[in-house]
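The values are calculated or read from the model by the stated rules, or taken from the named source; none is laboratory data. Treat the numbers as computed from the prediction; the structure is a model and nothing was measured. Reconstructed Cβ throughout: ideal geometry from the backbone, glycine too, with neighbour counts over all protein chains shown.
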Amino acid sequence: MATSTYNGKTFTFKHGVHPEEFKDLSSHCAIQRMPFVEEYILPLGQHIGAPSTPLVTKGQKVARGQKIASPAGFVSVALHAPVDGEVSGIGLFANPSGQMVPGIKIRTDPYSTQKMAAVPVDLESLDNKGFINAVQEAGIVGLGGAAFPSHVKLAIPEDKKCDYIMLNGCECEPFLTADHRVMVEHPEEIIDGILILNKFIKARKAFIGIEVNKPDAIAALQKLAATSRFPVEVIQLAVKYPQGAEKMMITAILGKEVPHGKLPLDLGVLVANVGTVKAIADYFRLGQPLIERIVTVTGTAVKNPANILVPLGTPMKDVIAWSGGVTGDAARILLGGPMMGAVQKTLDTPVVKGTSGILILGNDLVKDITEYNCIRCGRCVEACPLYLNPSMMGLLAKKGRWEEMLDYHVLDCFECASCSYVCPSGIPLVQSFRVAKGILREKAAKEKTAGQS
Amino acid sequence: MEGELLIPLAILAGLGLLFGIILSLAYKQFKVYEDPRINVVEELLPSANCGACGVPGCRAFAEKVVIENMNPAKCTVSSEEGIDKIAAYLGIEASREEKVVARLLCAGGINEAHNLASYKGGMSTCRGEAVVVGGSKDCSWGCLGLGDCAQACTFEAIHMNNDALPVVDAAKCTACNDCVEVCPKDLFVLMPVSRKLLVQCRSLLEGDLAEAKCSVACTGCSRCVADAAPGVIGIVDNLAVINYELNDLANPYAIKRCPTGAIVWLAGDNQFAPAEKTPLPLGRVEESLDKGVYYQ
């Protein structure tokens, strides 16, 4: 490959924070496959968009990899059974959002094996539309955490052109090492996934952005990229939070900002998580739909931190128990990382497509925060990667002046929590922005329906 | 010297006169007639600007009453005498509107519905708690009990009781909709006071599952459906739903066999009032069964 301007340099964006990493707990642990448990709970709405429509009935036998729910609309994906077994119930189950949502419960057949009656998809026979349809039918969503259906991203409108495929291997959240292990152990699949994507997208180049705290991942991918048929470049990114946010990575690599209200595609960029690309490769090479994912079980209160290949729908308690359980001082459970992860109140919640980690924090890291008045120190302003003014928005939120927060672009906030992290007064900034965004979205929806009638 | 003083004075006086004439001409030219009764009616209104009448503000309501003949009784804040005064002034007949109050569709306070976690999110509001896994209660439909509604209520009609549930004082409630809008769990509904039969639960879980999360949850057991007049109560998604179009047929006997107490017959105007002694249910007593088991 020709020498490039990116060689050997480290890139990043402005602002951001440096939380302690805690990655050493699990970054050296090879991915282990988890055995089947007795029951699996598969919520129908594991992705952003319309919940899938169930195709099975209670008592029906299902096979591993069998489609059990079909997409309801374009922004929706299919759902597959992770094990051989019997549908033991369709009803409301706990899910990571805390709400009871419709889902399918499967009782595992004790003789269920890893075997799957799957056939690789013939890439040559597919056209663009067929490819997008196949990705949707494979149930593939963004595995970085947001669980946005991948085929929606891949369906590039006629008037737009994708120049760069950008793979996100930053994993900037402290503690999490799932993507790290994927890059170290499955670099071939990732490169393969790029080639599959590019067959239909026809980009000019692919970038893989990796934070420099994963030298083994960088080395593994660089080695393969050097011999790749398609120009793939591994970019070293500085260790900073939120480097793995889509917009921050684009700024770091291309030096361009995604404008307000625009998508990365408007800059000719398609961003995908490394795990997602591996899932796409798995589907087209082996015919395996998205039925399992790699989950980091870690935290200061976990006995044996590990990276585990978990069938989707495994209850959290079983994953934790299999990893070795928790120590006595477990104080808080999160799905995802400590910055953006969702706190959990029950261990019955299953691992879903967006679960990148199960994090159990001990008393050493969980503190009660006392809130003081804003001292106008401006640390949140310096931390905000989007150059918003969290201090001002926090003051407005406290007064319930939600509408005025729109002028400060609260809807652009992607809740990275850097502002709350640095605030010396312990003000719940990002928390109040989440509330504000909810209220403003509700209002907009209400006005929309009022306008229609 | 004198000229120096007088000339500016004269100019100022002249300018004043000129602008005065322009203003008075403009006043005559652009005068908009406004019904003087609007001002009087506005004076008679409570100036709460609560919006319960469906019109933004008391002035706008006064305009509607005078110009568009809106019923002054739509103002739920005014006393009956106040409405009568407006009606008498305008020489119209004010029809009485039935009093509407806010009702909470949850009875699971801290003593009935247990918490799975403790919320320490910094924002001690229901809204703040609701964005963190839907709140710390095991029941994901239930009242979070941090009193956003009591805060939002302009008329101080809501107070939190010992069970961390909001109690609406029907006498003070003007049905302004503020609590309905602020509740992140959508637990408030506005209801005419004549609707006495009420299902104080929104949990959609099946029987035992619902009861495991809250001791006063509706389990969807259908006993109330059987005991009420046909069609008054139905079960939709494991939850008893009352058809208020048949409200006249509703009676307190429907709630007698409710195993959890999710369905109530409001004795007074307020919810969560201490239960008063209710008469024994009507119906045929099966003598053959001892210990007085009653059947409809």
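A few points about this structure:
- Of everything listed in (1) more than 27 Å from A:Cys416 (Cβ to Cβ); (2) modelled with pLDDT of 90 or more; (3) outside any helix (DSSP H, G or I), the single unmet condition for A:Gln222 is (3).
- Filtered residues of segment A:152-195 (kept if under 28 Å from A:Ser418 (Cβ atoms), outside any loop (DSSP other than H, G, I, E, B) and not β-branched (Val, Ile, Thr)): A:Lys153, A:Tyr164, A:Met166, A:Leu167, A:Asn168, A:Gly169, A:Ala178, A:Asp179, A:His180, A:Arg181, A:Met183
- Residues in segment B:95-111 that are buried (at least 20 other Cβ atoms within 10 Å of the Cβ) and part of a loop (DSSP other than H, G, I, E, B): B:Leu105, B:Cys106, B:Ala107, B:Gly108, B:Gly109.
- Residues of segment A:369-388 satisfying the condition of being more than 14 Å from chain B (Cβ to nearest Cβ) and not in a helix (DSSP H, G or I): A:Ile375, A:Arg376, A:Cys377, A:Gly378, A:Cys384, A:Pro385, A:Leu386, A:Tyr387, A:Leu388
- Top-ranked residue in segment B:109-132 [being over 17 Å from A:Ala342 (Cα atoms) and in contact with a Leu (Cβ under 8 Å, 6 or more places away or on another chain); ranked as nearest to the other protein chains (Cβ to nearest Cβ)]: B:Thr125
- Just one residue in the set A:Thr113, A:Thr108 is of a type in the set (Ser, Thr, Tyr), in contact with an Asp or Glu (Cβ under 7 Å, 6 or more places away or on another chain) and not assigned by TED's automatic domain parsing to the domain that holds A:Cys170; that residue is A:Thr108.
- Residues of segment B:133-161 classified as assigned to a loop (DSSP other than H, G, I, E, B), within 10 Å of chain A (Cβ to nearest Cβ) and closer than 17 Å to B:Gly109 by Cα, total: 7
- Residue check for B:Ala52: surrounded by 12 or more Cβ atoms within 10 Å (Cβ to Cβ) and in contact (Cβ under 8 Å) with a residue 60 or more places away in the chain: yes
- Considering the conditions (1) surrounded by fewer than 23 Cβ atoms within 10 Å (Cβ to Cβ); (2) farther than 19 Å from A:Ala245 by Cβ, A:Ala342 is excluded by exactly one of them, (2).
- If you go through segment B:73-129 and keep only what is within 21 Å of B:Met160 (Cα to Cα) and either under 16 Å from the mean Cα position of the chain (by Cα) or not assigned by TED's automatic domain parsing to the domain that holds B:Val193 (or both), you end up with B:Val100, B:Val101, B:Ala102, B:Arg103, B:Leu104, B:Leu105, B:Cys106.
- Condition check for A:Ser356: of a type in the set (S, T, N, Q), touching a Leu at 6+ places or on another chain (Cβ under 7 Å) and more than 25 Å from A:Val302 (Cα to Cα): no
- Test: A:Thr177 is buried (at least 19 other Cβ atoms within 10 Å of the Cβ), among the polar types (S, T, N, Q), under 30 Å from B:Ser203 (Cα atoms) and away from chain B (no Cβ under 14 Å): no
- The single condition among (1) among the charged types (D, E, K, R); (2) in contact with a strand residue (DSSP E or B) (Cβ under 8 Å, 6 or more places away or on another chain); (3) away from chain B (no Cβ under 14 Å) that A:Arg285 does not satisfy is (2).
- Hey, A:Gly328 farther than 20 Å from A:Ala81 by Cβ and outside any loop (DSSP other than H, G, I, E, B) or not: no
- Put simply, of A:Leu347, A:Leu290 the only residue that is within 26 Å of A:Gly103 (Cβ to Cβ) and free of Cβ contacts under 8 Å to residues at least 60 places away in the same chain is A:Leu347.
- Flag for A:Glu442 being in a loop (DSSP other than H, G, I, E, B), within 17 Å of B:Glu129 (Cβ to Cβ) and not assigned by TED's automatic domain parsing to the domain that holds A:Met249: no
- Annotation: A:Ser391 fulfils all but one of (1) within 14 Å of chain B (Cβ to nearest Cβ); (2) closer than 19 Å to A:Cys419 by Cβ; the unmet one is (1).
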